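Working notes, beginning with the structure itself.
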Amino acid sequence: MKWEKNRQSDQVEDRRSQTGRGGMFGGGGRGGGGRNIGLGTIVVALVAGWIFGINPITILGALSGGGDLVAPTEQSQTAPGPTQAPTDDMGRFVAAVLGGTEDVWGPMFQQAGSTYQKPRLVLFRGATPTACGTGQSAMGPFYCPGDQKVYIDLSFYDTLRSQLGAPGDFAQAYVIAHEVGHHVQNLLGITGKMDQMRGRVSQREYNAMSVKLELQADCFAGIWAHHNHRTGAILEPGDVEEALNAAAAIGDDALQRKSQGQIVPDSFTHGTSAQRQRWFNTGLQTGSVQACDTFSSKSL
């Protein structure tokens, strides 16, 4: 992946020198600012068995016509951290990928008559406070709608490579683009609606909604790759295969088979390997938000 000359985002908050492996922040409960969304449950599933933790709380309803893009309501914020750009290679890589997502979603929101609100991306080690409660490394990367921040302990990339069998810088970039996809869904004003549905539908129905949500975030990650390559020629031979391999590695069926030796479709919350590959590739090939409407699709 050609990222070295990409514009680096100024929205990276580097807390790696502030966090540790213990509970130095206290208050580990999930607060009223939202719940964590994203790929974090993968690590828990691998380390602690088939434990998916808390299901994603957002859902983008039918986007058949590319509805109005609206800003989220005022939400609680965590205290701002350092804003200086990271100077290490991995920090600069993350900032470049985040900058690429901004360069894609900003114009797309503008074309829809709205303004893209950039998410902040927090680099941390061990544990860190969030508007969703204390974030832990074991949760993996996640998006917190309460403060509109993506949280990443970069040690997850070691897990992605060594435990999930998904190496490569483009696989790492896909993870970031997926979490930013959840931010885009939050900006569409649907997060609260999904939260209201919790308890109103069965767990099986909620899981099915969660699958559609996650597959759409995969598709949005594909949109980032489509437009970034068109404007900056970021893709190199093998990059797409890296992303598809990562999508396959974190499919519910692959994780269940690896952790418990059997597949339980009703418990799926992220989609199968094939589904995740399909929807990432849909975004990659089309670059269209409308094409990512997993909720109106007759088949996933």
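Before moving on, here are some points about what is shown:
- Failed condition for residue 235, given (1) crowded, with 24+ Cβ neighbours inside 10 Å; (2) among the aliphatic types (A, V, I, L, M); (3) under 30 Å from residue 113 (Cα atoms): (1)
- Restricting attention to the range 283-300, the residues that are of a type outside the set (A, V, I, L, M) and farther than 10 Å from residue 216 by Cα add up to 9.
- The residue that is modelled with the lowest pLDDT, counting only those in the range 266-290 that are within 22 Å of residue 205 (Cα to Cα) and among the β-branched types (Val, Ile, Thr), is 269.
- Residue within the range 62-78 that is exposed (fewer than 15 other Cβ atoms within 10 Å of the Cβ), at pLDDT 60 or above and under 21 Å from residue 217 (Cα atoms) present: no
- Boolean, residue 212 is in contact with a Ser or Thr (Cβ under 6 Å, 6 or more places away or on another chain) and of a type in the set (D, E, K, R): yes
- Residue selected from the range 138-161 under the condition polar (S, T, N, Q) and more than 18 Å from residue 251 (Cβ to Cβ), by the criterion surrounded by the most Cβ atoms within 10 Å (Cβ to Cβ): 148
- Here residue 151 meets the list (1) over 21 Å from residue 215 (Cα atoms); (2) outside any helix (DSSP H, G or I); (3) not polar (S, T, N, Q) almost entirely, failing just condition (1).
- Output for the range 169-203, where each listed residue is surrounded by fewer than 20 Cβ atoms within 10 Å (Cβ to Cβ) and at pLDDT 85 or above: 169, 200, 201, 202, 203
- Those helices (runs of 4 or more DSSP H) lying entirely in the range 158-270 with at least 2 residues closer than 20 Å to residue 8 by Cα and touching a residue at least 60 places away in the same chain (Cβ under 8 Å): 169-187, 203-232
The values are calculated or read from the model by the stated rules, or taken from the named source; none is laboratory data. All values reported here derive from a predicted model rather than from experimental measurement. Neighbour counts run over all protein chains shown; Cβ positions are idealised from the backbone, glycine included.
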